[in-house]
Amino acid sequence: LKRFGYDFKKGDPIIQDIKTKICYVAHNYDEELRSIREDSSKARFYQLPDDYRLQLQEEPVKCGEMLFKPEQDFILLEESLGRRGVHEAIRTRVDEMDASARKGGISKDVAQACLRNVIVSGGTTTFPGFGGRLQKELEKVLPAKYQASVHVEIAQDKPYLKWLGASDLPTFAK
């Protein structure tokens, strides 16, 4: 949004509102970007408190893409070089579970059970298209033995999900 002359700070309520109301995740980012560039009617608008009306072309889909390709964060490139996409972070955890299973640390079925129950919650998971895209990306990066097991679910009770999950921890400890 700096190109519009606005210098919003991280966590600014306006930024949060724009993300909630306008941003989304494309199932096919390159195709969506090409479509937006060819058709100006796909622009999205946001009315600022000073009555300036922002016309956002690529920004809403680029915001969502950062979840899968953080290296494309051109503004904060230096900070994003070490980050991975959410699907890659999940792949890393699956690899760790596999390694633990080979050493006899956990059951071999644990990774498959976890992948059947990928439940996402939190602010950016509310972006339209997030669940389907995560499913697609996981199926591409996971080993073949796990691809059929993947099931992504967007949590419905998002604001309280962390508390609900934490309340179950004592049950798992038993």
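The values are calculated or read from the model by the stated rules, or taken from the named source; none is laboratory data. Worth saying up front: this structure is predicted, and the values here are computed from it rather than measured. All Cβ positions, glycine included, derive from the backbone under ideal geometry; neighbour counts span all protein chains shown. We work out accessible area using only protein heavy atoms, side chains counted, and drop any ligands, DNA or RNA first. Shrake-Rupley method; radii C 1.70, N 1.55, O 1.52, S 1.80 Å.
Some observations on this one:
- The stretch between residue 8 and residue 47, if pulled fully straight at 0.36 nm per residue, gains 12.5 nm over its current Cα-Cα span.
- Across 87, 27, the residue with the most accessible area heads the list, and the full order at a 1.4 Å probe is 27, 87.
- Accessible area of residue 93 in the full protein assembly, 1.4 Å probe (Å², nearest 10): 120
- For residue 100, solvent-accessible area (1.4 Å; no DNA, RNA or ligand), Å²: 40
- What separates the Cα centres of segment 41-56 and segment 121-136 is a distance of 24 Å.
- Computed from the C-beta positions of residue 20 and residue 141, the FRET efficiency with R₀ = 30 Å rounds to 0.60.
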